[in-house]
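Below: the structure, in structure tokens.
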Amino acid sequence: MTSTERSPHATRDLMASLGTSWMRAPYPALVADAAGVVVAANEQAARLFPTAVTGAPLDGAVPRWFVRAHRQVAAGARDSAGPVRGWHGRRALEAHATHGSDGEVVWWLVDDTDRHRAETALKSEQERTAFLAEASSRLLASLNTERCMEVAVELAAEFLADAAVLVAPSAGRRHSIATAAGGRPSRRSVRIDPQAVPGLAEALQGYPPVPSRWIDPAAVPDWAFPEGFTGPVGSVVVTPLPGHGIPAGALILLRRSDHAAFDASEELFARVFAARAGVALSAARLYQEQSRVTETLMAELLPPVLTQVHGVEFAGGYRASQETERVGGDFYDVHPGTDTGRETLAVLGDVAGKGLDAAVLTGKIRNTLQALLPLADDHGNLLRLLNGALLTRLHTRFATLVLASVRRQGADAHLRLTSAGHPAPLIVRQDGTVDEAATAGTLIGVLPEITSTTAEVVLRPGETCLLFTDGVTEAKGGPLGDVMFGEERLRAALAECAGMPAEAVTERIQMLVAEWLGGNRHDDIAVMAITASHSAHLTAVEGRTPGRFTS
């Protein structure tokens, strides 16, 4: 007799052997023979599979995955100890097989829905966490506002929606927007009405978003559809981009009608992403604003570009102590006379310290000297007033400098040189002789009273007066990197520059000092050359305010 021809007595014997407790077990249990026919099912199995009655074939009474698993187990092709998983309606089931007598297989089933949902939620959360980590890394990789906007919509369109639109705060009557729909992001500036998108005007002001179900997809205007986005919109999310104190913009997410609408969990996650994008955008905008401010202020701190004025050549060169810095404690300036009969005031100085802190004091000195230009005829009085302006409790830095008042008379250039605690200028004559100007004085910003002496020098055509800071003479280099460049080397180098234009002199001195330094650390270095031009014609300065020159 085959299993399909089991007698009623055999079935009763089986049920008796299983016991009445088996029938009341809290888990569904089902017995099937090797041919795939139901032998017995307890009360829980009967509720789960109403058609799985004794004598009924499994096929049609239970899910297909269950039928296939039973065939494999009955044929010995599958390890009976291993559970089988599958779905029955909205339930996730886990079936455990045990071999019985006469080839029957006893199946115990466990409702695995909660575990499956927990695993799905955990996987989703892990994916979201990984996405947020990647998003933060990519968003903060650039401090360029435009690039940050592009990355934000690119990430949103890739992970959160079918398309994404980022609307920046208005600039006048226009908004900068970035869009993405699976391809390369794009940016453009458009004139839009935020009221046209429900919740957009509020999001741009930083208010909490309205629920997605309140937004009519048909109300989305054409400008909010990225290039390449096809199909009608089925669901829309509008969420603000929180910034540092002020909103950084708003994010619009679009899904096509053939995709599932945004649920509450996805809307919440979109807000989490938007918060990170907003922080990155705010940081980029703050950096760009600070960069603009820095560039504006730096323009006043950087040494000017010098050229010929009133028949006298001026040239300067500057090198900060750190390669990453643009300004420091050394400075120079030239303030041209109002006409050819008036003196041009040149100044070169050195503030104690390095970097931006020292550069701030150089800026103060330069601005003060600009204000004191009407008193430039008297170097001693000008230095006393400058010293008084620097004697404050706001800083403890001091400065040294040298003043040079220059006027062209015929073919010659007449100079008045006054040092205030600074190395005396050097003069190279036409025959290569190098002289030191007979000037000396007290440094600025330390003592209430200062002294100074002024030297008068005449430069013949082709002769040069070199002003320099101690960063030149104290530059350490040589074979062991511990020998100063020194004044003797400077004099020798300057002697070789006899008859050269001012710009060639400064370039030659800077090149020799740089070669001497090699890669060693050094102080700020500044040089200025004043040369009596071989040509007696006067050169006008165009397009510059007094004290700033262009070549």
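The values are calculated or read from the model by the stated rules, or taken from the named source; none is laboratory data. Note that the coordinates shown come from a computational prediction; the quantities given were computed from them, not determined experimentally. So basically every Cβ, Gly included, is an ideal-geometry build from the backbone, and we count neighbours across all protein chains shown. Heavy atoms of the whole protein, side chains included, go into the accessibility calculation; ligands, DNA and RNA do not. Shrake-Rupley method; radii C 1.70, N 1.55, O 1.52, S 1.80 Å.
Odds and ends about this structure:
- Relative contact order (percent, whole number), the chain, Cα cutoff 8 Å, 6+ residue spacing: 9
- Summed over the residues of segment 90-242 and divided among them, the accessible surface reaches 52 Å² per residue at a probe radius of 1.4 Å.
- Along segment 447-456 the Karplus relation, 6.51 cos²θ - 1.76 cosθ + 1.60 evaluated at θ = phi - 60°, assigns HN-Hα couplings of 9, x, 10, 10, 10, 7, 10, 10, 10, 9 Hz to successive residues, with x for each Gly and Pro.
- Taking the longest Cα principal axis of the chain as reference, the axis of helix 64-74 is set at about 70 degrees.
- Correct option for semi-axes √(5λ) of the Cα gyration tensor in Å [calculated from the coordinates] among [x] 90, 28, 19; [y] 36, 30, 24; [z] 48, 30, 21: [x]
- Magnitude of the charge dipole for the chain, about its Cα centre and with charges confined to Cβ atoms of Lys, Arg (+1) and Asp, Glu (-1), is about 1520 debye.
- Straight-line cross-link reach from Lys364 at under 28 Å between alpha-carbon atoms covers these lysines, not counting any fewer than eight positions away in the same chain: Lys354.
- Axis angle, to the nearest 10 degrees, between helix 113-139 and the longest C-alpha principal axis of the chain: 10 degrees.
- Within the chain, the longest segment free of exposed loop sites, counting GluC sites (Glu not before Pro) that fall outside DSSP classes H, G, I, E and B and have at most 16 other Cβ atoms within 10 Å, spans 1-226.
- Top positive-direction residue, dipole computed over segment 24-109 with Cβ charges, set Val106, Trp87, Ala41: Trp87
- Of interest is the spacing of the C-alpha centroids, which for segment 129-194 and segment 358-412 amounts to 51 Å.
- With a 1.4 Å probe rolled over the protein heavy atoms of all chains, the accessible area of Ser212, Ser291 falls in the order Ser291, Ser212, largest first.
- Listed residues Gly317, Ser291, Val279: farthest to the positive end of the dipole of segment 271-325 (Cβ charges): Val279
- Simple point charges give the picture: +1 on the Cβ of Lys and Arg, -1 on the Cβ of Asp and Glu, and for segment 313-426 a dipole about the Cα centre of about 280 debye.
- Extension gain, Ala411 to Gln370, is 11.9 nm, computed as 0.36 nm per intervening residue step minus the present C-alpha separation.
- Counting only protein heavy atoms and using a 1.4 Å probe, the accessible area of Lys123 comes to about 120 Å².
- Compared with the dominant principal axis of the Cα atoms in the chain, helix 8-18 is inclined by about 50°.
- Residues whose amide H comes within less than 5 Å of that of Glu463, counting only those at least five positions distant or on another chain, are Ala532 (H built at 1.01 Å from N in the peptide plane).
- Rounded to the nearest Hz, the phi-derived 3J(HN,Hα) couplings of segment 226-234 under the Karplus curve 6.51 cos²θ - 1.76 cosθ + 1.60 (θ = phi - 60°) are x, 5, x, 7, 10, x, x, 7, x, where x marks glycine and proline.
- Given a 1.4 Å probe and the protein chains as shown, Leu297 ends up with an accessible area of around 110 Å².
- Per residue, in Å², the accessible surface of segment 464-535 once ligands and nucleic acids are set aside, probe 1.4 Å: 42
- Carbon plus sulfur fraction of accessible area for segment 109-255, probe 1.4 Å, in percent: 51
- Unit charges on C-beta of K, R, D, E only; dipole of segment 374-453, Debye: 300
- For Thr469, the amide hydrogen comes within under 5 Å of the amide hydrogens of Ala526, counting only partners 5 or more places away or on other chains and with H modelled in the peptide plane.
- Most to least accessible of Arg489, Arg213 (protein chains only, probe 1.4 Å): Arg213, Arg489
- Inter-probe distance in nm under a simple model that places probes 7 Å from Cα toward Cβ, at Val483 and His534: 3.5
- Measuring with a 1.4 angstrom probe and ignoring ligands and nucleic acids, Asp524 comes out at about 0 Å² accessible.
- Cut-off under 5 Å, modelled amide H: who pairs with Asp112 long-range: Ala92, Leu93, Glu94
- Label point distance in nm, Phe159-Thr113, each placed 7 Å from Cα along Cα→Cβ: 3.1
- Phi-derived couplings, Karplus 6.51 cos²θ - 1.76 cosθ + 1.60 at θ = phi - 60°, listed residue by residue for segment 366-372: 5, 5, 5, 4, 4, 5, 8 Hz, with x used for Gly and Pro.
- Cβ-derived FRET efficiency at R0 45 Å, Arg68 paired with Ala261, nearest 0.05: 0.80
- Farthest positive-ward along the chain dipole, Cα basis, beta-carbon charges - from Pro194, Val360, Phe485: Pro194
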